[in-house]
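The values are calculated or read from the model by the stated rules, or taken from the named source; none is laboratory data. Model, not experiment: these values are computed from the prediction. Here the Cβ is made from the backbone with ideal geometry for all residues, glycine too, and neighbour counts use every protein chain on show.
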Amino acid sequence: MTDPTLDPGFFQDPYTVYSRLRSTHPVQPMPSGNGGRVSYVITGHTEAREALGDPRLSKDTAAFFASRPSRRNLHPAVAENMLATDPPDHTRLRALVTKAFTTGAVDRLRPYIDQVTHSLLDRLPVGAKADLVASLAVPLPVTVISELLGVPEEDRPDIRRWSTDLFAAGQPERIDTASHAIAGYMTDLIAAKRRQPGNALLDALIAARDGDDRLSEEELVSLAVLLVVAGHETTTNFIGNAVLALLQHPSALAQLRDNPGKIAGCLDELLRYDSPLSMATFRHSTEALTLGGAQIPAGVPVLVSPGAANRDPQRFPSPDQLDLARDATGHLAFGHGIHRCLGAPLAKAETEIALRALVTRFPDLRLAVPFDDLRWRHTRLMRGLVALPVLT
């Protein structure tokens, strides 16, 4: 059996593949195509939730690959970031940035997010064709996280380009090159901020490094890279996927257009329906374990799919149907457990504000091309559109 998640058709429609895998077994081995190594893929909701919280499934990438030579040239700031650590290091690193992404902190950002959103939409021509990925889904979260971190405006297009390259499935050289480019940039930005400090989140992290020595220099660079990439990637895909889902379901879109106040309560269903995170980041088994009745040996990669879990009919009846009245709490689009996405409140706020602005400002918004003509990013980790052509 070959890995179906690397087939080009998978990027267009992963849910058919996930359904087929889940119907065979919610936890199953799959050849990885890397020297005959076998990975275990988890597509059931119960099993995925359990796996995401199981300490026997380690995130310590460095430990896994220490005895496995690799030809890759991935920069350590990307390969060994906070997402690739276990407690106590993960606990220490996460504590340094959590307060910047609490609900209260995000609420204070809402006026700025609203201002950026409307500024971007002011540039859209009314009654003409536009790409909502390029004009809104990308620049909104890139602008917000860059402002939060202190990334200069002129450098933000480079950040987005390198970030896109980091998720290029099946293109290891492109990924490796981007990892060095973005790590080099953040190293230089940290040096510049040391010479001329500011009040951004990155300045606070530098102070933690230089003052209390709670961060090594390598950890500081790695955390900076992770925040700027993760701080916009998920939200970009969330906005694009949510808008597309609503355009495909005119009655749902009409509901929100008539009552924009309902948008916040629908975000979980939109996340469940087409998760911006298709496959969770790398885990490996530190000991043999049983999950969903399947025996997983020690020392193998384990791939958990929130995208598949969110369409599990055992957890969400009629999962392929968008139902804005559904109670979708319990979805795994932001993960689960100690590694749950700390930027979830920010992603939800940005998407809520973007959707409200779109449905109120563009009542005739519709797709400009047939659904089958849409192009999806070739990345197994993320689920997102290359472009979203609409008529405003």
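Of these, D165, D176, which one is buried (at least 19 other Cβ atoms within 10 Å of the Cβ), in contact (Cβ under 8 Å) with a residue 12 or more places away in the chain and acidic (D, E)?
Details: D165 fails: buried (at least 19 other Cβ atoms within 10 Å of the Cβ).
Going through D165, D176 in turn, the sole match is D176.
Could you go through segment 367-374 and let me know if any residue there is touching a helix residue (DSSP H, G or I) at 6+ places or on another chain (Cβ under 9 Å) and either over 19 Å from V17 (Cβ atoms) or surrounded by 18 or more Cβ atoms within 10 Å (Cβ to Cβ) (or both). Working first, answer last.
So the first thing to find is which residues in segment 367-374 are touching a helix residue (DSSP H, G or I) at 6+ places or on another chain (Cβ under 9 Å), and the list is 367, 371-372, 374.
If we keep only those that are either over 19 Å from V17 (Cβ atoms) or surrounded by 18 or more Cβ atoms within 10 Å (Cβ to Cβ) (or both) too, we end up with 367.
Yes: segment 367-374 contains one or more residues that are touching a helix residue (DSSP H, G or I) at 6+ places or on another chain (Cβ under 9 Å) and either over 19 Å from V17 (Cβ atoms) or surrounded by 18 or more Cβ atoms within 10 Å (Cβ to Cβ) (or both).
Please specify each residue of segment 45-81 satisfying the condition of being closer than 22 Å to G307 by Cβ and among the aliphatic types (A, V, I, L, M).
Residues satisfying the conditions are A48, A51, L52, L57.
Please tell me if L324 is under 21 Å from the mean Cα position of the chain (by Cα) and either under 24 Å from A252 (Cβ atoms) or modelled with pLDDT under 95 (or both).
Values: under 21 Å from the mean Cα position of the chain (by Cα): no; either under 24 Å from A252 (Cβ atoms) or modelled with pLDDT under 95 (or both): yes.
For L324, the condition - under 21 Å from the mean Cα position of the chain (by Cα) and either under 24 Å from A252 (Cβ atoms) or modelled with pLDDT under 95 (or both) - is not met.
If Y18 passes every condition in (1) closer than 30 Å to S216 by Cβ; (2) part of a helix (DSSP H, G or I); (3) not hydrophobic (A, V, I, L, M, F, W, C) but one, which one does it miss?
It fails just one condition, (1).
Based on what the data block shows, is S179 over 30 Å from F10 (Cα atoms), within 19 Å of the chain's Cα centre (by Cα) and hydroxyl-bearing (S, T, Y)? Full working, then the answer.
On the way: over 30 Å from F10 (Cα atoms): no; within 19 Å of the chain's Cα centre (by Cα): yes; hydroxyl-bearing (S, T, Y): yes.
No, not satisfied.
If I ask for residues that are within 24 Å of the chain's Cα centre (by Cα), assigned to a loop (DSSP other than H, G, I, E, B) and farther than 16 Å from T286 by Cβ, which ones from segment 65-87 would you list?
First, the residues of segment 65-87 that are within 24 Å of the chain's Cα centre (by Cα): 65, 72-87.
Keeping just the survivors that are assigned to a loop (DSSP other than H, G, I, E, B) gives 72-75, 80-81, 85-87.
The answer is R72, N73, L74, H75, E80, N81.
Looking at H378, is it in contact (Cβ under 8 Å) with a residue 12 or more places away in the chain and surrounded by 20 or more Cβ atoms within 10 Å (Cβ to Cβ)? Outline the logic, then answer.
On the way: in contact (Cβ under 8 Å) with a residue 12 or more places away in the chain: yes; surrounded by 20 or more Cβ atoms within 10 Å (Cβ to Cβ): no.
Answer is no for this residue.
Can you list residue pairs whose Cβ atoms sit under 9 Å apart, with the first residue in segment 102-131 being at positive phi and the second being assigned to a loop (DSSP other than H, G, I, E, B)? Count only pairs 6 or more apart in sequence or on different chains.
G127/D364; G127/T392
In segment 338-385, what residues are among the β-branched types (V, I, T) and over 25 Å from A309 (Cβ atoms)? Spell out how you get there, then give the answer.
Residues of segment 338-385 that are among the β-branched types (V, I, T), as a first pass: 338, 351, 353, 359-360, 369, 379.
Correct list: I353, V359, T360, V369.
What number goes with the only condition from (1) in contact with a Pro (Cβ under 8 Å, 6 or more places away or on another chain); (2) buried (at least 19 other Cβ atoms within 10 Å of the Cβ); (3) assigned to a loop (DSSP other than H, G, I, E, B) that L324 does not pass?
Every listed condition holds for L324 apart from (1).
Kindly indicate whether any position in segment 228-240 is charged (D, E, K, R), surrounded by fewer than 19 Cβ atoms within 10 Å (Cβ to Cβ) and in a helix (DSSP H, G or I).
So the first thing to find is which residues in segment 228-240 are charged (D, E, K, R), and the list is 233.
Then keep just the ones that are surrounded by fewer than 19 Cβ atoms within 10 Å (Cβ to Cβ); that gives none.
No; the residues of segment 228-240 include none that is charged (D, E, K, R), surrounded by fewer than 19 Cβ atoms within 10 Å (Cβ to Cβ) and in a helix (DSSP H, G or I).
Given the condition touching a Pro at 6+ places or on another chain (Cβ under 7 Å), at pLDDT 95 or above and surrounded by 16 or more Cβ atoms within 10 Å (Cβ to Cβ), answer yes or no: does some residue in segment 297-310 qualify?
Let us first name the residues in segment 297-310 that are touching a Pro at 6+ places or on another chain (Cβ under 7 Å), namely 307.
Restricting the remaining residues to those that are at pLDDT 95 or above gives 307.
Now drop any that are not surrounded by 16 or more Cβ atoms within 10 Å (Cβ to Cβ), which leaves 307.
Yes.
Taking the stated definitions as given, is M279 in contact (Cβ under 8 Å) with a residue 12 or more places away in the chain and in contact with a strand residue (DSSP E or B) (Cβ under 7 Å, 6 or more places away or on another chain)?
Working: in contact (Cβ under 8 Å) with a residue 12 or more places away in the chain: yes; in contact with a strand residue (DSSP E or B) (Cβ under 7 Å, 6 or more places away or on another chain): yes.
Answer is yes for this residue.
Identify, by number, the condition in (1) assigned to a helix (DSSP H, G or I); (2) closer than 16 Å to A357 by Cα; (3) not small (G, A, S) that K99 doesn't meet.
If we test K99 against (1) assigned to a helix (DSSP H, G or I); (2) closer than 16 Å to A357 by Cα; (3) not small (G, A, S), just (2) comes out false.
What are the residues in segment 259-312 that are under 23 Å from the mean Cα position of the chain (by Cα), of a type outside the set (S, T, N, Q) and in a loop (DSSP other than H, G, I, E, B), if any?
D274, P276, M279, A280, F282, R311, D312
Being at positive phi, crowded, with 17+ Cβ neighbours inside 10 Å and modelled with pLDDT of 95 or more is the requirement here; does G335 meet it? I'd like the intermediate steps shown before the answer.
Numbers: at positive phi: yes; crowded, with 17+ Cβ neighbours inside 10 Å: yes; modelled with pLDDT of 95 or more: yes.
Against the criterion (at positive phi, crowded, with 17+ Cβ neighbours inside 10 Å and modelled with pLDDT of 95 or more), G335 qualifies.
Which ones in segment 102-128 are of a type in the set (A, V, I, L, M, F, W, C) and part of a loop (DSSP other than H, G, I, E, B)?
Matches in segment 102-128: L124, V126, A128.
Check R209 against each of (1) surrounded by 17 or more Cβ atoms within 10 Å (Cβ to Cβ); (2) in contact (Cβ under 8 Å) with a residue 24 or more places away in the chain; (3) of a type in the set (K, R) and name the one condition it does not meet.
Every condition holds for R209 apart from (2).
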